[in-house]
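Here is the structure we will look at.
The values are calculated or read from the model by the stated rules, or taken from the named source; none is laboratory data. Fair warning: this is a prediction, and the values are worked out from it, not measured in the lab. Glycine gets a Cβ as well: all are built from the backbone with ideal geometry, and neighbour counts include every protein chain shown. Keep in mind that these areas ignore ligands, DNA and RNA; they rest on the heavy atoms of the full protein, side chains included. Shrake-Rupley method; radii C 1.70, N 1.55, O 1.52, S 1.80 Å.
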Amino acid sequence: MTTKNYVVAGAKPWSRRVFDENISVFPGEWYFVSRPKELSLKTMARLEPRYIFFLHWSWKVPSEIINGYECVCFHMTDVPYGRGGSPLQNLIQNGHRHTKLTALQMVEEFDAGPIYLKEDLCLEGNAEEIYIRASYISAQMIRKIAEEEPTPQPQVGDPLIFKRRKPDESRISDLPDLQAMHDFIRMLDANGYPKAFLEYSGFRYEFSRAAMYDGRLKADVKITPIKENV
C-alpha cells in the first residue's frame, strides 16, 4: 500500500507543538509549513499531499492551492453561524461559554465550504489557552479525517458573519461589570494579539492574565509611554 503524504500549515507556536507531539506520528508522511513561501505550488506538486490541513494560518491561501488540493481548515464556530474573522473574540463578546470546532473544506469564500466534522470546544480560560486546546482537538480531527476520508457535507442554514476585529478595538471602554472586563481581557490574551489596553496621561496600560475571585478582578499590567507605541 502506498504511503500517503499530508501537509499541516500553522503560523503559531502552539501549532508546531501539537504537530511535533501528536500529528507527526500519525500513519503516513507528515510535513509542517509555517510560512507562505513554504506553501508553494512547486512544493505541493513534489509532495502530492492527500490533504493540506490549516491549523492556525495568518495569510490568505492562494486560489491555486485551494483549487488544486483538498484543503481543510478549522473554524471555532458552529457554522454557518459565525463565519468570518475573530471568531473567538466575537463568541466571547456574545456571551458564549462553549462552541463547536468545525473542520471545513476550504473554498474561495471564507468559511463557506462543506463540513467534515464538528467537536465540542470549551471557551474558558484566556485566548492562548483556548487556542492551544483547540489545536489538540484539531489534531484528533485531523487523524480521523486522514483515516476515514469522509465526504464533507454542505452547510445548512443562513450564515451569520462575524466581523474581523481591528487593533484599536482592544481599547477598554463602556464595559458594564467586572465579568465583562474579565472576558474582554482574557479574549485578547494570546501571543501575537493586541492586548486589552487603556491610555491615560501619556501612558499605555496593557492587561493580561486576568483572574476573577471574591468579587475582584486581578490582572498583570504592562505600562509604556504612548510615544513608544506610535
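Side notes on the structure shown:
- Distant-in-sequence amide H partners of residue 54 (H built 1.01 Å from N, under 5 Å): 9, 72, 73, 74
- Residues in segment 1-49 average 57 Å² of solvent-accessible surface per residue, probe 1.4 Å, ligands and nucleic acids excluded.
- Theoretical gain in end-to-end length, residue 212 to residue 96 [0.36 nm per residue, Cα-Cα removed]: 40.0 nm
- Over segment 108-230, the pair-distance histogram of Cα-Cα distances with 10 Å bins from zero comes to 11, 30, 29, 19, 10, 1 percent, rounded to whole numbers.
- Accessible surface ranking for 51, 200, 1.4 angstrom probe, highest first: 200, 51.
- Accessible surface of segment 34-150, 1.4 Å probe, proportion on carbon and sulfur as whole %: 48
- Averaged over its residues, segment 117-230 has an accessible area of 62 Å² per residue, based on protein heavy atoms and a 1.4 Å probe.
- Loop trypsin sites (Lys or Arg not before Pro), segment 1-93 (other Cβ atoms within 10 Å of the site Cβ: 10 or fewer; DSSP): 60
- Of the residues 79, 221, ranked by 1.4 Å probe accessible area with the largest first, the sequence reads 221, 79.
- Available extension along the chain between residue 149 and residue 129 is 4.3 nm, counting 0.36 nm per residue and deducting the alpha carbon span.
- Helix axis angle, 178-187 relative to the chain longest principal axis, alpha carbon, degrees: 40
- What the phi angles of segment 40-57 give under the Karplus curve with 6.51, -1.76 and 1.60, with θ = phi - 60°, is a coupling list of 8, 4, 4, 5, 5, 5, 6, 7, 6, x, 5, 9, 10, 9, 10, 7, 8, 10 Hz, glycine and proline written as x.
- Segment 8-125: C-alpha gyration tensor shape, a/c 1.5 cut-off, then a/b vs b/c: prolate
- Alpha carbon centroid spacing (whole Å) that separates segment 164-230 from segment 30-98: 28
- Inter-site label distance for residue 41 and residue 29 at 7 Å from Cα along Cβ, in nm: 2.2
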